1. Relative to the longest principal Cα axis of chain B, at what angle does helix B:37-53 sit, 0 to 90 degrees, rounded to 10?
2. With every protein chain in place, what's the accessible area of A:Y297 (1.4 Å probe, Å², nearest 10)?
3. Explain nothing, just compute: Karplus ³J(HN,Hα) = 6.51 cos²θ - 1.76 cosθ + 1.60, θ = phi - 60°, for every residue of the range A:61-77 in order, whole Hz, x for Gly and Pro.
4. What does the extension gain come out to for B:R229 and B:L31, with contour length at 0.36 nm per residue minus their alpha carbon separation?
5. Taking each residue of B:123-136 in turn, how many C-beta atoms of other protein chains fall within 10 Å of its C-beta, and what is the average?
6. Helix B:68-77 versus the longest principal axis of chain B: what angle, 0 to 90°, nearest 10, using Cα atoms?
7. Dipole magnitude of the range A:51-147 about its Cα centre, charges +1 at Lys/Arg Cβ and -1 at Asp/Glu Cβ only, in debye to the nearest 20?
8. Take the alpha-carbon centre of the range A:219-247, take the same for the range B:201-264, and report the distance between them in whole Å.
Amino acid sequence: MTTRIVVLGEHRDGQLKKISWEAIGLGRRLSVELGMEVSLALVGSEIERLAREVSGRSGLEVVVLANDHCRHYTPEAYCEVLAEFARTEQPYLLLLGHTYQTMDFAPKLATMLDRGMIPNCVDCRCAAGQLLWVRQVFNGKLNLEVSPKGEPPYLVSLQQGAFPASEEDLEAPPRVDHRQVGLAEGVLRRKLLEVMEAVQTRVDLSQAEIIVAGGRGLGSKEKFQLIIDLASALGAGVGASRPVTDGGWLPKEHQIGSSGQSVTPRLYIACGISGAIQHLVGMSNSGCIVAINKDPYAPIFQVADYGIVGDVFQVVPKLIEIAREMRPGHPGSP
Amino acid sequence: MRILTCLKQVPERDSRYKLNQDGSRVLEEDLVFETNESDLYALEEALRLKEGTGGDVAVLSIGSDRISKVLRNALAMGADRAIHLKDEAFERGDAWGTARAIAAAIGPEDFDLVLTGVQSEDMAFAQTGAVLAQMLGWPCATIVLEVALEADTGRIQVKRELESNVFERVELPLPAVLTIQSGSHPIRYATLRGIMQAKKKEYRVLTAQDLGLSPEAVGEMAAKVRHHRLLAPERKKRTVMIQGNAEEAAGTLMDKLVNEVGVI
């Protein structure tokens, strides 16, 4: 009988990622609802200090799966170690954060275990002893309720920020189960050559009080000037969603979202941005969010405080006009 | 270099969705379909690799007759031949059922590299490429921005996107599967000449039986995830929708930002 929930923690530079604390929070909740135990597993090398710290803070037992080849992440080493762990422990549920790393290895792990995997969940409920998971589909315009078929273990990843993080420090005595694990010959084929941090960006939007951001709806590099003009009239920073930087309308360093910058200005004005989740995770904690989009069903409206369903090419020039009148003498004014 | 690019047809980004009676599916009648964007980036990468080193680019898609538009467009963009997996048994598959069908189509071929997009815009599982790699027993790299061939070594180097402006460079032996992220190179358009040439290119239609697959091995029957129902997303905030024409709406918004929110 499989009666254990295992949260797979993701760590970087000796720190557990925030999304993993969110997974711990949900793991705890489900352990109560399902009457199961919950523990945390960490893969790596020389991570005992982290394991003790996380165990003390969370009160969970932490299983360290240690192997020298796991010092730096590679999907093959991680999957080998985790598949072996899953086969011996037979957990009911493996909970992960939906991160770029999870996207890289978890489908492989699930396939090795002959299981499916439910990615990027935003909600979960327990019905008739079964867990039902909610995920976003069709560009965030609809949600889909799903459940895994077949026998456990079930693999599920959680969307960043969708579940409350386990914040409280329980100051429990650390319980760490250290396991040195081996790797079979020849499993490592993908080799990490280097990790590159982008050079310190010249565009730091993290301190901006106001950000005006544009998206695919602007249509071209030339038309994107409208966003720059509004930002200038408001004394704001200029942000962009991925299609803008993909299309070369603006340098990459203006990109806001999971692969770019995360920002929390007091005011965020999103123009012609549909609101893909990859963008929302980078700006949804802003103080006040304004969305201007011609598609009334665009997911950006789900996080907006104020919304205008309309054409950015008609609305934004009017905003520029008013802003210039309000701030005479400002560089953005005529 | 023999490259396969997998393409998926998805509803247009601005689509409005209507659900069927029990809310289990979207109604397709009013939808307009297009090629999934990151899959087009994968095709662009494949065509560039071919231009650099020579070789052959095949494209593959799964679905009814309507997906032939995706394959014809890919041929017009410069792909050399198309494989259309067409069978009711392939429909409504998850990553597992879909990857199983693609793996069977790859079996008798001799590809060095298989490219997919990072994820589809409709189901967004972001798994088919990685599951396919595991089924084939090939190495895989996901979320790839750049691909460089190392001449005569049978290996490739790729640049992967990580979170928060961090990247990594990894090396892997061929054959391999890569999932391509958007933004690497601008996607080319089909030219009139390309469209004319596409008509003469090889276009094969294969059924489950042609691939030696039983209906239980693919599509919905093989799915490891059960779909229950579609729901409208919950609003995280009570959004104030501002009405009126552009001028009125702009005026109301600025007034609220100044007087109610106090941020300007």
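The values are calculated or read from the model by the stated rules, or taken from the named source; none is laboratory data. Just so it is clear, the model here is predicted, and its values are computed rather than measured. Quick reminder, even Gly has a Cβ in these numbers, built from the backbone with ideal geometry, and neighbours come from all protein chains shown. With ligands, DNA and RNA removed, areas are computed over all heavy atoms of the protein, side chains included. Shrake-Rupley method; radii C 1.70, N 1.55, O 1.52, S 1.80 Å.
1. Rounded to the nearest ten degrees, it is 40.
2. 110 Å²
3. 6, 10, 9, 9, 9, 9, 7, 4, 6, 9, 4, 10, 4, 9, x, 5, 5
4. 69.4 nm
5. Per-residue shielding by partner chains comes out at 6.
6. So the helix axis and the longest Cα principal axis differ by about 70 degrees.
7. The calculated dipole for the range A:51-147 is roughly 320 debye.
8. Centre-to-centre (Cα) distance: 24 Å.
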